[in-house]
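The structure appears right after this line, and notes come after that.
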Amino acid sequence: RKEVEQDPGPFNVPEGATVAFNCTYSNSASQSFFWYRQDCRKEPKLLMSVYSSGNEDGRFTAQLNRASQYISLLIRDSKLSDSATYLCVVNTMEYGNKLVFGAGTILRVKS
Amino acid sequence: NAGVTQTPKFRVLKTGQSMTLLCAQDMNHEYMYWYRQDPGMGLRLIHYSVGEGTTAKGEVPDGYNVSRLKKQNFLLGLESAAPSQTSVYFCASSSTLGLDTYEQYFGPGTRLTVT
């Protein structure tokens, strides 16, 4: 079983739509949680951290459920520029702050 | 600041050849990492370093070696390339201070093909 699992998609949505991605992780010792964004043939970049109380950054909302070991990302009012692969990432404090990456969920926003 | 840079950006090797990938960061970060990214697999940690002169194995270290002689540089070596090492290689770095401890900054990647 993969340590971090995501629906690979692709999610094809029209501009202005709301879309949600889910992610599950297997290591209950995981301490930190993130969403990274990766554009085609580019490096991953931090989108936002995920806090236990849930957090919002503009059109993006992240939620964490430690009991279910589940992380979500909600994107409201999708823009064409949101098209990318979204990586669910957890930190387990192993390997010097090792980040464990999900394989990513592809989002395509169409006009 | 350039952030994290990697050289080369692309490379084609024949099976059995060797090469070194160079990663440099100008953010004075203590931690540096080498990952590989393959389709459907997510990024996987090859080796990492928690400071100058130190290196350690990640989850997929076989076939690779690393060195961190200077704080700003982290080298990844392939001694005898194999087709299974065809991948995109990303270097990353992170600081150890405050709330930014866990954010890793990535270089642009090296696309390696082994024929």
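The values are calculated or read from the model by the stated rules, or taken from the named source; none is laboratory data. Owing to the predicted nature of the structure, the values given are computational and were not obtained by experimental measurement. Note: ideal-geometry Cβ built from the backbone for every residue, glycine included; neighbour counts use all protein chains shown.
Couple of notes before you dig in:
- In region B:21-36, the residues that are over 17 Å from A:K45 (Cβ atoms), surrounded by 14 or more Cβ atoms within 10 Å (Cβ to Cβ) and modelled with pLDDT of 95 or more: B:L21, B:L22, B:A24, B:W34, B:R36
- Conditions (1) surrounded by fewer than 19 Cβ atoms within 10 Å (Cβ to Cβ); (2) under 18 Å from A:L99 (Cβ atoms); (3) among the β-branched types (V, I, T); (4) out of contact with any Phe, Trp or Tyr (no Cβ under 6 Å at 6 or more places or on another chain): number failed by B:T86: (2)
- Number of positions in region B:1-20 that are of a type in the set (A, V, I, L, M, F, W, C), closer than 22 Å to A:K42 by Cβ and away from chain A (no Cβ under 14 Å): 1
- Filtering region B:21-45 to residues that are assigned to a loop (DSSP other than H, G, I, E, B) and either over 26 Å from B:N1 (Cβ atoms) or within 8 Å of chain A (Cβ to nearest Cβ) (or both) leaves B:P39, B:G40, B:M41.
- Region A:10-24: number of residues that are within 18 Å of B:G40 (Cβ to Cβ) and away from chain B (no Cβ under 12 Å): 5
- For region B:37-50, a residue qualifies if it is modelled with pLDDT of 90 or more and not hydroxyl-bearing (S, T, Y), and the qualifying residues are B:Q37, B:D38, B:L43, B:R44, B:L45, B:I46, B:H47.
- Scanning region A:60-90 for residues that are over 24 Å from A:C40 (Cα atoms) and in a strand (DSSP E or B) yields A:Q63, A:L64, A:N65, A:Y70.
- The number of residues in region A:39-64 being without any contact (Cβ under 8 Å) to a residue 12 or more places away in the chain and touching a Phe, Trp or Tyr at 6+ places or on another chain (Cβ under 8 Å) comes to 2.
- Within region B:33-45, the set of residues being free of Cβ contacts under 8 Å to residues at least 40 places away in the same chain and on the phi < 0 side of the Ramachandran plot comprises B:P39, B:M41, B:R44, B:L45.
- A search for C-beta distances below 7 Å between a residue of region B:46-65 that is within 10 Å of B:W34 (Cβ to Cβ) and within 8 Å of chain A (Cβ to nearest Cβ) and any residue that is outside any strand (DSSP E or B) and of a type in the set (S, T, Y), counting only pairs 6+ apart in sequence or on different chains, returns B:Y48/A:Y95; B:G58/A:Y95.
- Selection within region A:46-56: residues that are part of a strand (DSSP E or B) and over 21 Å from A:E3 (Cβ atoms). The member of this set that is nearest to the other protein chains (Cβ to nearest Cβ) is A:N55.
- For region A:57-94, the candidate set comprises residues that are more than 14 Å from every other protein chain (Cβ to nearest Cβ) and among the aromatic types (F, W, Y); within that set, the residue that is surrounded by the most Cβ atoms within 10 Å (Cβ to Cβ) is A:F60.
- Per this entry, B:G77 is counted among residues that are under 13 Å from the mean Cα position of the chain (by Cα) and farther than 24 Å from A:L46 by Cα.
- Condition met for A:S30 (touching a residue at least 12 places away in the same chain (Cβ under 8 Å) and more than 10 Å from chain B (Cβ to nearest Cβ)): yes
- Some residue of region B:91-113 being facing chain A (nearest Cβ under 8 Å), at positive phi and either within 12 Å of the chain's Cα centre (by Cα) or modelled with pLDDT of 90 or more (or both): yes
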